[in-house]
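I am attaching a structure below and will ask some questions about it afterwards.
Only the coordinates and a few stated rules stand behind these numbers; no lab work does. Note that the coordinates shown come from a computational prediction; the quantities given were computed from them, not determined experimentally. Note that each Cβ is placed from the backbone with ideal geometry, even for glycine, and that neighbours are counted across all protein chains shown.
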Amino acid sequence: MTHPTYLWAPPPVASLPVRGQASRLPVNRLFFVGRNYHAHALEMGKPVDKSVERPFYFTKSPTTLVASGATVPYPSETANYQFEMELVLAIGATGFRVPAAQAHALVYGYACGLDMTRRDLQLVARDKGRPWDLGKDIEQGSVVSEIVPMPGTVLEQGTLALQVNGQTRQQSDIDKLIWGIREIIADLSLFYHLQPGDLIFTGTPEGVGAVQPGDRLTGQVAGVGEIALTIGAAA
Ligand code: MN
């Protein structure tokens, strides 16, 4: 087979470092679970009744990925740029219509993530019934730490916290996820053929808030690791 030629250099493969490995994890897709902690759903004014609702999702382009430790510009066209600290699940095997009891087989590992959000634009879009893309699919707006390999492990607890300039703003526990790791894999795999390199941001707890240029964000998930981000001057 002849190698294709391209008009210009193809974009680089989005990838993340893996703890204890020389090889990087090539990132495929970025999925995000919406409203997956009751206290956050309440602060957004949209409580969740799991008995009658299913989880919902949005996606961001893998080109929005940025590594932990980066300094990113305060983005354009927002006056309310917010952090959302999340546990990120890294998929390591293919799966479609995966039963919850088998979901662990798709787990490669976990990471800490920040789902950065133009909250003003997201809420306008939400309330007008428009897509969330401008509020969520933000250049350098998907921050992920190193991936921690834990093949087959279903995380069910662990403190998750975020600080702004050293002050705690979010603190909760993975055990408060409305839809846990097994349920997320089972449900999302009804819609997508999950593939190695898919990352699933599992949702944020309460305490989300705005950042300003110069702010330093730090976050941790117990048993997984930590993440950091600095907000630079406006783009
Ligand atoms: Mn989120």
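Does the stretch 35-114 classify as rounded, prolate or oblate by the C-alpha gyration tensor (a ≥ b ≥ c root eigenvalues; a/c under 1.5 gives rounded; else a/b over b/c gives prolate, otherwise oblate)?
The shape class here is oblate.
Could I ask something else about it? For every helix of n ≥ 4 consecutive DSSP H residues, a contribution of -39,500 (n - 2.57) applies; sum these over the chain, divide by its total residues, and give [θ] at 222 nm rounded to the nearest 500 deg cm²/dmol.
Only helices count here, giving -3000 deg cm²/dmol.
With label points built 7 Å along Cα→Cβ from the Cα atoms of SER76 and ALA234, find their separation and express it in nm.
About 1.3 nm separates the two model spin labels.
Another question, if that's okay. What number does the chain give for Rg over Rh if you use C-alpha atoms and the Kirkwood radius?
Taking Rh as the inverse mean 1/r over Cα pairs, Rg/Rh reads 0.96.
Using Cβ contacts closer than 10 Å as the measure, can you line up ILE227, ILE178 from fewest to most?
So the ranking, lowest neighbour count to highest, is ILE178, ILE227.
Find how many whole Å separate the alpha carbon centroid of the stretch 79-101 from the alpha carbon centroid of the stretch 166-205.
After rounding, the separation between the Cα centres reads 4 Å.
Running a GNM on the chain with Cα contacts under 10 Å, which residue among GLU43, GLU206, GLU139 ends up with the highest mean-square fluctuation?
GLU43
Listed highest first by mean packing, meaning other Cβ atoms within 10 Å per residue, what order do 18-27, 85-94, 167-176 come in?
The densest-packed peptide leads the list: 85-94, 167-176, 18-27.
Rg and Dmax of the stretch 124-211, using alpha carbons, in Å: what are they?
Radius of gyration, then largest Cα-Cα span, for the stretch 124-211: 15.4, 41 Å.
Using 0.36 nm times the number of residues separating ASP175 and VAL13, minus their current alpha carbon distance, what extension gain do you get?
55.0 nm
Now, a different point. Among the chymotrypsin sites (Phe, Trp or Tyr not before Pro) in the stretch 85-127, which ones are in a DSSP loop with at most 11 other Cβ atoms within 10 Å of the Cβ? Mind listing them?
PHE96
Between PHE56 and GLU43, how many nm apart are label points set 7 Å from Cα along the C-beta direction?
Inter-label distance under the simple model: 2.0 nm.
Quote the FRET efficiency, to the nearest 0.05, computed for THR159 versus HIS3 with a Förster distance R0 of 35 Å and r equal to the Cβ-Cβ distance.
0.10
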